[in-house]
Amino acid sequence: MNEKEVGELRRRFKADKSAITHVRGCYVNEKKEIVSQFNQSLALMSEEESEKLLAILRRTLSGGIDRNLIDISFATKQVAEGEEHKLLMALRDSGLGDEEAVQAFFQKAIDSLDLEGSYLILLAHDRYDVPYRAKDGETQKDASEEVYSYILCSICPVKQTKPALSFQARESRFYNRQADWLVSPPEVGFLFPAFDDRTTNLYDALYYNRDVGENHENFAQAVFASPIPMPAQAQKETFQSILGETLGEECSYDVVQAVHDQLRELVEEHKENKEEEPLMVSKGAVKCVLLSCGVSESHVNAFDSRYDDSFGAETRLSPRNLVDAKQVQVSMPDVTIKVSPEYSALVETRSINGKKYILIPAEGEVEVNGVPIHIDG
C-alpha cells in the first residue's frame, strides 16, 4: 500500500464517515490472563467517546511506509489452505461475529505478544463503499466500484496514572485526583486485507509497529506466518555496520557523505515529485555510488557479499530507513557534531603533524552556550 491509500482509509475513522458499528476486544493483565471481554457498540457511546476510540484505531494506520507500516505478503498456498489466513478471513467475512474465530485470535495474540503490563486487544470491522476515481484524481461518490471489507486490529497498552492534586475552576477548589487507567496509543496492529490500488488484496496485509526499532516478530509470525522485514532501526544499524566493516580504510568521511547525500537526494526527489509508490533502493544503486567515489572493487565486492548475508541479494531497502534526512552526525567518544545535510560538505577530516582533526570553517558569528565568542586570526 502507498501513502495515498493509507490516507484514504485513515479518513474513514471518524464518526460521520465510518461504517464501524461496534468494537470487539479484551483486556489482558500482566499475567497474560483475559480479565474481561467486550463488544462495544459505538451508538451507545457519547460522541466524544466514540471519536476518541476511533482516533485510537486510526493510529494503527499512522507513521511512515516501510518504517512503521509494513506490507506483509501471503504465499498462494497460505491463501488457499493456511490456518493463519483462514482465521483472518473468518474474522473479516463474519464481521467479527464468528465467536470461535474471535476467541482463537485473542488467544493466539496473547500467546505470542511480549508486552509489559496490561493491554487491550481491539478488533474493528468496516465496509467501505469505494468511490470511483477518475483519471484526473476526482472521486465520484455515487459511482462505487466495490465494497472493501476489512478488519483492523490494535494492541494498546493500558497504563495507570499517578494520583495528583487537581484544581476545579468552576468550584474554585482543589481536590485529590485518584489514580486511573488510561488507554495508550497502539503498540502494534494490522489491517487485513490490504487496500492495494484502492481494491481488496487478499494476498497482503498492512502491519503496524509504533517503535521502528521493534517488529514484534513472534506476534507477526503467529498471525501471518509470513516473513517480515528487519525493523527500520535495525536496517539502519546493519547498513552502517556493513559500510564500516567492508570498506575498511577506504571508509572515509567523503565516501560516507557521498552515500548519504545520494540517498537523501532520492528521498527529497521522491517527496517533491509526490510519487505514490514507496521509495526503495537496490544494492546495485549503492554499489554504483561506492565505485564512483573510488572505492576499490575488492571492497565493493565485500560490501556485496555482506549485503546479501544481512538483507538478501534481491532485497530493496527504503532510503528513509538508512539515513537521517535532517542531519549529519559526526561522533567521537566524548564529542558529537551535528550538521545540517546541506552544509555537510563544510566538514573535513585531516591529519596535521600526525594528529587527526575534524575541521569546520568558523564563518559568521560563533556562539558557545549562547555566548558569542571571538576567534583569533
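Details
- Two-site FRET efficiency, Ser46 against Lys4, from Cβ-Cβ distance with R₀ of 30 Å, rounded to 0.05: 0.40
- For a label point 7 Å along the Cα-to-beta-carbon line of Glu146, residues of the stretch 57-71 with backbone N under 20 Å: 71
- In the chain, the calculated helix contribution to ellipticity at 222 nm averages -10000 deg cm²/dmol per residue, counting -39,500 (n - 2.57) for every DSSP H run with n ≥ 4.
- Modelled FRET efficiency - R0 41 Å, Lys162 with Arg133, Cβ distances, 0.05 increments: 0.25
- Taken about its Cα centre, the chain carries a charge dipole of roughly 1080 debye when the Cβ of each Lys and Arg holds +1 and the Cβ of each Asp and Glu holds -1.
- Summary of packing: across the peptides 33-39, 163-169, the per-residue average of other C-beta atoms within 10 Å ranks them, highest first, as 33-39, 163-169.
- Peptides ranked, highest mean first, by Cβ atoms within 10 Å: ranges 306-312, 111-117, 285-291: 285-291, 306-312, 111-117
- Computed from label points 7 Å out along Cα-Cβ, the spacing between Ile375 and Tyr357 is 1.1 nm.
- Label-to-label distance for Ala313 and Phe38 is 5.3 nm, based on points extended 7 Å past Cα in the beta-carbon direction.
- Full-extension gain in nm, Ala225 to Glu276, via 0.36 nm per residue minus C-alpha separation: 15.5 nm
- If the convex hull is drawn through the Cα atoms of the chain, its volume per residue in Å³: 239 Å³
- Legend: residue pairs Lys32/Lys86; Lys159/Lys326; Lys271/Lys338, Cα-Cα distance threshold 27 Å; pairs beyond threshold, Lys159/Lys326.
- Between Asp114 and Asp211, the contour length at 0.36 nm per residue exceeds the alpha carbon distance by 33.5 nm.
- The simple Förster model, with R0 at 51 Å and r as the Cβ-Cβ distance, assigns Ala75 and Thr349 a FRET efficiency of 0.60.
Read-outs throughout are calculated quantities, based only on the coordinates presented, and are distinct from any laboratory measurement. Just so it is clear, the structure is predicted and the values come from calculations on it, not from any experiment. Here Cβ is always computed from backbone atoms with ideal geometry, including for glycine, and neighbour counts include all displayed protein chains.
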